[in-house]
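**Student:** Have a look at this one before I ask anything.
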Amino acid sequence: MSNTIRLKIRRKDSPQSDSYWEEFEIPHKPSMNVISALVEIARNPVNAEGKTTRPVVWESSCLEEVCGACSMIINGKARQACSALIEQLEQPIVLEPFSKFPCIRDLRVDRTQMFDALKRVKAWVPLDGTHDLGPGPRQAEKDQLVSYDLSRCMTCGCCLEVCPQVSEHSDFIGAAAVSQVRLFNMHPTGAMNKHERLDALMGPGGLADCGNAQNCVKACPKEIPLTTSIAEVGRELTKRMVEKIFG
């Protein structure tokens, strides 16, 4: 490993400005990840030409691949910066913001569309929190195991970034929201709102807009069975449409 780390970063000064590339060289330290490399640039914002520049803007929170905030494109792959170890990356390390979300500045994007999608499908279990409800309903162990896998979604956006159906020409809601419909419809209490969630996936931007590219399941850092969720929810949607037609 060289004593120097080279990074090439796609930058943007504002949501309205054009993007441009800027390169940096920073000293190598043991056990660095992409976040610690960006912190090193923030400490000494001088580019590879020796010119002082403004620090790179990015977003992060948990730093243990749970929140998904530091998701970006690293050497062409959608992933989290906190778990991207420098020793395992080819140099120059190329960092870009997600392309399917509005760029706020540099590597920081606005993922509001993902949270709006969760609101659309009511991805929660309604509870009356005014009194003690006691223990929750029991759930079969096999269903608990499936639910656990689905609950690991961190709304990082990797599945949307790689999906050809998600673009400025499409309102496709994306695999993450569809999988959350499956999760909450499996819950004994959440199932009471099952039809509302399925109805939310009908029409423009709904499940019918999925092109079955299956990129999502390959890109998911949590290995959530997204294509299985799409298939399961698709079957439930078909039943729901038949029910609505024939009562």
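**Student:** Enumerate the helices in the chain for which the Kyte-Doolittle hydropathy averages 0.0 or more and the C-alpha atoms extend at least 20 Å along the helix's axis, using complete DSSP H runs.
**Tutor:** Membrane-span-like by this criterion, though nothing is claimed about a membrane: 226-246.
**Student:** Now, a different point. Report, in debye and to the nearest 20, how large the dipole of the range 102-210 comes out about its Cα centre when Lys and Arg carry +1 and Asp and Glu carry -1 on their Cβ.
**Tutor:** The calculation lands at about 160 debye.
**Student:** Quick one: dipole size for the chain, taken about the Cα centre, charges +1 on Lys/Arg Cβ and -1 on Asp/Glu Cβ, in debye to the nearest 20.
**Tutor:** 200
**Student:** For the range 80-186, rounded, prolate or oblate, judged on the Cα gyration tensor with a ≥ b ≥ c (square roots of eigenvalues), a/c < 1.5 rounded, else prolate if a/b > b/c?
**Tutor:** Working: a/c = 2.35, a/b = 1.75, b/c = 1.34.
Since a/c reaches 1.5 and a/b is larger than b/c, the shape of the range 80-186 is classed as prolate.
**Student:** Subtract the Cα-Cα distance of residue 18 and residue 6 from 0.36 nm times their separation in residues, and report this length gain in nm to one decimal.
**Tutor:** 2.0 nm
**Student:** Let me ask something additional. By the scheme Lys and Arg +1, Asp and Glu -1, what is the net charge of all other residues having a beta-carbon under 15 Å from that of residue 240?
**Tutor:** Net local charge, residue 240 excluded: +2.
**Student:** Ok, one more. Shape call for the range 165-218 from the C-alpha gyration tensor, a ≥ b ≥ c root eigenvalues: rounded (a/c under 1.5), prolate (a/b greater than b/c) or oblate?
**Tutor:** It comes out oblate by the Cα gyration axes.
**Student:** Something else about it: Would you tally the net charge around residue 167, using a Cβ to Cβ cut-off of less than 12 Å, leaving residue 167 out, and scoring K and R as +1, D and E as -1?
**Tutor:** Neighbourhood net charge equals -3.
**Student:** Additional query: Show me the ranking of peptides 202-215, 33-46, 168-181 by mean Cβ neighbours inside 10 Å, starting with the highest.
**Tutor:** 168-181, 33-46, 202-215
**Student:** Sticking with this structure for a sec: List every residue whose amide H lies under 5 Å from the amide H of residue 94, counting only residues 5 or more places away in sequence or on a different chain, with H placed 1.01 Å from N in the peptide plane.
**Tutor:** 8, 75
**Student:** Please find the FRET efficiency linking residue 140 to residue 63, where r is the Cβ-Cβ separation and R0 is fixed at 51 Å, and quote it to the nearest 0.05.
**Tutor:** According to the calculation, E is roughly 0.90.
**Student:** Could I ask something else about it? Let me make sure I get this right: for the chain, a, b and c are the square roots of the gyration tensor eigenvalues over alpha carbons, sorted descending. Under 1.5 in a/c it's rounded, otherwise prolate if a/b > b/c, else oblate. Which is it? Kindly include the intermediate steps, with their values, before the conclusion.
**Tutor:** Working: a/c = 2.54, a/b = 2.00, b/c = 1.27.
Verdict is prolate for the chain.
**Student:** With the cut-off at 32 Å, tell me which of the pairs 77/239; 100/194; 77/194 have Cα atoms farther apart than that.
**Tutor:** The answer is 77/239; 77/194.
**Student:** Right, here's the next one. Skipping prolines and chain starts, which residues have an amide H placed within reach, meaning under 5 Å, of the one on residue 33, given they are 5 or more residues away or on another chain?
**Tutor:** 86
**Student:** Give the cysteines in the chain for which no other Cys Cβ lies under 4.7 Å away, or write none if there are none.
**Tutor:** By the Cβ distance rule, which asks for a partner under 4.7 Å, the isolated cysteines are 70, 82, 103, 153, 156, 158, 163, 210, 220.
**Student:** How much mean residue ellipticity at 222 nm does the chain get from its helices, if each DSSP H run of length 4 or more adds -39500 (n - 2.57) and you divide by all residues, to the nearest 500 deg cm²/dmol?
**Tutor:** -9500 deg cm²/dmol
**Student:** With springs connecting C-alpha atoms under 10 Å apart, model the chain as a Gaussian network and identify which of 147, 17, 83 has the largest mean-square fluctuation.
**Tutor:** Of the options given, 17 has the highest mean-square fluctuation.
**Student:** Amide H neighbours of residue 109 under 5 Å, at least 5 residues apart or on other chains, H built in the peptide plane: list them.
**Tutor:** Under 5 Å from the amide H of residue 109: 104.
**Student:** Which percent of the accessible area of the chain is formed by carbon and sulfur heavy atoms (probe 1.4 angstrom)?
**Tutor:** About 50 percent, which is the carbon plus sulfur part of the accessible surface.
**Student:** Under the definition of Cα pairs under 8 Å and six or more residues apart, what whole-number percent is the relative contact order of the range 1-135?
**Tutor:** Numbers: 212 pairs, mean separation 34.4, N = 135.
RCO, the range 1-135: 26 percent.
**Student:** Under a plain spin-label model, where a point goes 7 Å from the Cα along Cα-to-Cβ, how far apart in nm are residue 44 and residue 115?
**Tutor:** According to this spin-label approximation, the distance is 3.7 nm.
**Student:** With a probe of 1.4 Å, find how much accessible area the range 111-247 has per residue, and write the answer as a whole number in Å². Walk me through the numbers on the way to the answer.
**Tutor:** Numbers: 7760 Å² over 137 residues.
Result: 57 Å² per residue.
**Student:** Normalised by the number of residues in the chain, what is the relative contact order in percent for Cα pairs under 8 Å and 6+ residues apart? List each step's numbers first, then the result.
**Tutor:** On the way: 391 pairs, mean separation 40.9, N = 247.
Result for the chain is 17 percent.
The values are calculated or read from the model by the stated rules, or taken from the named source; none is laboratory data. The model shown is predicted, which means the values in this text are computed figures rather than measured ones. Backbone-built Cβ (ideal geometry, glycine too); neighbour counts: all protein chains shown. Quick note on the areas: whole protein, heavy atoms, side chains included, nothing else; ligands and nucleic acids left out. Shrake-Rupley method; radii C 1.70, N 1.55, O 1.52, S 1.80 Å.
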